[in-house]
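Presented below is the structure to which this report refers.
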Amino acid sequence: MSELEWWQTAVIYQIYPRSFQDSTSDGIGDLPGITRRLDYLVDLGIDAIWISPFYPSPMADFGYDVADYTDVDPIFGTLTDFDELLATAHHLGLKVIIDIVPNHTSDQHRWFLESRSSRDNPKRDWYVWRDPMPDGSPPNNWLSAFGGGAWEWDETTGQFYLHTFVREQPDLNWRNPDVVEAMHDVYRFWLDRGVDGFRIDVAHRIMKDPDLRDNPPKPGADGTFKSMGAYETQHHIHDMGHPDVHDAYRDLRAVLDSYDPPRVTIGEVHIFDWDEWVRYYGADLDGMHLPGNFTLLYVPWDAGAVRTRVDELEGILPDGAWPNYVLGNHDEPRLATRFGPERARLAAMLLLTLRGTPTLYYGDELGMTEVTIAPEDQQDPWALREPELGRDGCRTPMQWDASGSAGFSDADRASLWLPLTPDQATVNVKVLDQSPTSILTLYRRLLALRRGMSALHQGTYSPIESAADGVFAFERAEGAQQVCVVLNFGDQAVRFVHECVVGAEPLLSTTLRRPNIDGAAVELAANEGLILRLST
């Protein structure tokens, strides 16, 4: 297994730049702030950082509406600041992955300003423009993921343009070769600067049905789905994921493969049909390195359900494909809020012991919780359209200490772009760092154990059959090194009995206590996880 690439054995840590560290006292995080905190990340034990967008942007979707793919928004600093961050990270042994948004630009991007200036402009076909239907209605029934229809009328040129998200984010036309080459140049710009890879936003959406056919309705859907609102009243089979999307990522892979050392592509692919999802690896593993696997974000928190998803993934992967997992990100409610404090510790052990590449979300290692944002304080454009669907609560500032602004900023607390959690005085790096039983201590020990044991960072996965109710157990093995991971998803203590326990050495419990082993049995508290080194 020594031929594995760096991204296969790495742990990735997502940073939302507005919320990690403010170096200019304006209440908003920035790139120099990230550079200032890199030592913390090294000490934590992660291997790579993924930075959400920091490009020039009107901030209609906080940077996911890109106005210039090859610069830095003054809010976050300068290109020189980015280069210093990259150089410092590399000096410290950290890889740097950046977010690329290929599906759409800002409506203030120079490409779109040219495109909408006239129907005859050379960049007109860089975006998806269509005439209205005979009755003046939009070209089809497609919906915006952020509410309302996906077509915006342009009075100047008398056509609609497509926007999968907010109207300030017009979709690029990836069927135009000039767009493809321009976007490949964007990737080359950052590769030439030395970035180690890309997280590709809504990667599956860039190719739509060329005939723009209507999406069929979902039988029984009434638009009240909490997760995506009215958007879920349709089967989205024509407005994303057209089969030629795989050609686009094979071509991109060729660009990355021309660089040395190896770089990585991680795709945000919200597809839950395994057969369709796995195609993003490419027919010959020449597509994405890691199509994002979000299944554990939505599975019921139940031992059987989680094992089923893990086993399904292991079963569908072609030879040589590498798995990955995520439990939190900038679009989802905070892990500690979804699960509660004890289950959040169990979730940490699950994420960091499964086979594959895990991604952590900043602050989850502290047990930061979702913040309730008052309607008048909401920033998320989705929340402004559909208030129950806002994502501000998981994007609040990182909590470094118990000071008024949590060590995040020298600005006063009221000036921070989003509020801190109510328990900030106790849930912060400085306080948790001093506790031998804190969740931060658990994360550090998990990460150190994972890095130090080849069985955990590159070994095989084998589920263990157990009669213990509510337990998901599995073995990781590489060569002669074998470990057993036992996870009690139940709210009651359980006695796990299995031959693997005999003679096993307990390495780490989520409670950071030493477990009671009796022959082939081990006692686990409610929501406790345990890693055992097996005797050989």
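The values are calculated or read from the model by the stated rules, or taken from the named source; none is laboratory data. All values reported here derive from a predicted model rather than from experimental measurement. Glycine gets a Cβ as well: all are built from the backbone with ideal geometry, and neighbour counts include every protein chain shown.
Before we move on, is Asp257 farther than 27 Å from Glu332 by Cβ and surrounded by fewer than 16 Cβ atoms within 10 Å (Cβ to Cβ)?
Details: farther than 27 Å from Glu332 by Cβ: yes; surrounded by fewer than 16 Cβ atoms within 10 Å (Cβ to Cβ): yes.
So Asp257 fits the description; yes.
Considering only residues that are in a loop (DSSP other than H, G, I, E, B) and under 22 Å from Leu4 (Cα atoms), which ones fall in region 310-329? Matches in region 310-329: Leu317, Pro318, Asp319, Gly320, Ala321, Trp322, Pro323.
What strands (runs of 3 or more DSSP E) completely inside region 145-210 contain at least 2 residues that are within 20 Å of Val66 (Cβ to Cβ) and in contact (Cβ under 8 Å) with a residue 60 or more places away in the chain?
Passing ranges, in order: 197-200.
Among the residues of region 446-466, those that are among the hydrophobic types (A, V, I, L, M, F, W, C) and closer than 16 Å to Val310 by Cα comprise Leu456, Ile464. Within region 88-114, being touching a residue at least 12 places away in the same chain (Cβ under 8 Å) and hydrophobic (A, V, I, L, M, F, W, C) holds for Ala89, Leu92, Leu94, Val96, Ile97, Ile98, Ile100, Val101, Trp111, Phe112. When the test is whether a residue is of a type in the set (Val, Ile, Thr), touching a residue at least 60 places away in the same chain (Cβ under 8 Å) and within 30 Å of Arg385 (Cα to Cα), Ile237 does not pass it.
Here are some residues: Thr88, Thr70, Thr78. Which one is surrounded by fewer than 21 Cβ atoms within 10 Å (Cβ to Cβ), within 21 Å of Leu113 (Cα to Cα) and not small (Gly, Ala, Ser)?
Details: Thr88 fails: within 21 Å of Leu113 (Cα to Cα); Thr78 fails: within 21 Å of Leu113 (Cα to Cα).
Checking each option against the conditions leaves just Thr70.
Among all residues of region 215-225, there is at least one that is on the phi < 0 side of the Ramachandran plot, outside any helix (DSSP H, G or I) and of a type in the set (Val, Ile, Thr).
Quick grid of which residues meet (1) in contact (Cβ under 8 Å) with a residue 24 or more places away in the chain; (2) over 15 Å from Arg193 (Cα atoms):
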| residue | (1), (2) |
| --- | --- |
| Thr35 | yes, yes |
| Asp43 | yes, yes |
| Ala48 | yes, yes |
| Phe54 | yes, yes |
| Met59 | no, yes |
| Ala67 | yes, yes |
| Thr70 | yes, no |
| Phe82 | yes, no |
| Leu86 | yes, no |
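Candidates in region 262-278 are the residues that are part of a loop (DSSP other than H, G, I, E, B) and in contact (Cβ under 8 Å) with a residue 24 or more places away in the chain; of these, the one that is farthest from Gly197 (Cα to Cα) is Phe272. Do we find a residue being part of a strand (DSSP E or B), touching a Pro at 6+ places or on another chain (Cβ under 9 Å) and outside the structural domain of Asp331 (by TED's automatic domain parsing) anywhere in region 112-119? Within region 112-119 (the criterion being part of a strand (DSSP E or B), touching a Pro at 6+ places or on another chain (Cβ under 9 Å) and outside the structural domain of Asp331 (by TED's automatic domain parsing)), the answer is no, since none of the residues qualifies. If I filter region 240-250 for residues that are over 26 Å from Gln14 (Cβ atoms), modelled with pLDDT under 95, in contact with a helix residue (DSSP H, G or I) (Cβ under 9 Å, 6 or more places away or on another chain) and assigned to a loop (DSSP other than H, G, I, E, B), do I get at least one hit? The answer is no, given that none of the residues of region 240-250 is over 26 Å from Gln14 (Cβ atoms), modelled with pLDDT under 95, in contact with a helix residue (DSSP H, G or I) (Cβ under 9 Å, 6 or more places away or on another chain) and assigned to a loop (DSSP other than H, G, I, E, B). Of all residues in region 379-429, those being under 19 Å from Gly33 (Cα atoms) and not aromatic (Phe, Trp, Tyr) number 24.
The helices (runs of 4 or more DSSP H) found entirely in region 419-494 that carry 2 or more residues being buried (at least 18 other Cβ atoms within 10 Å of the Cβ), in contact with a Ser or Thr (Cβ under 9 Å, 6 or more places away or on another chain) and touching a residue at least 60 places away in the same chain (Cβ under 8 Å) are 439-452, 454-457.
Kindly indicate whether Pro138 is closer than 20 Å to Trp190 by Cα and in a loop (DSSP other than H, G, I, E, B). No; evaluated as a whole, the condition is false for this residue.
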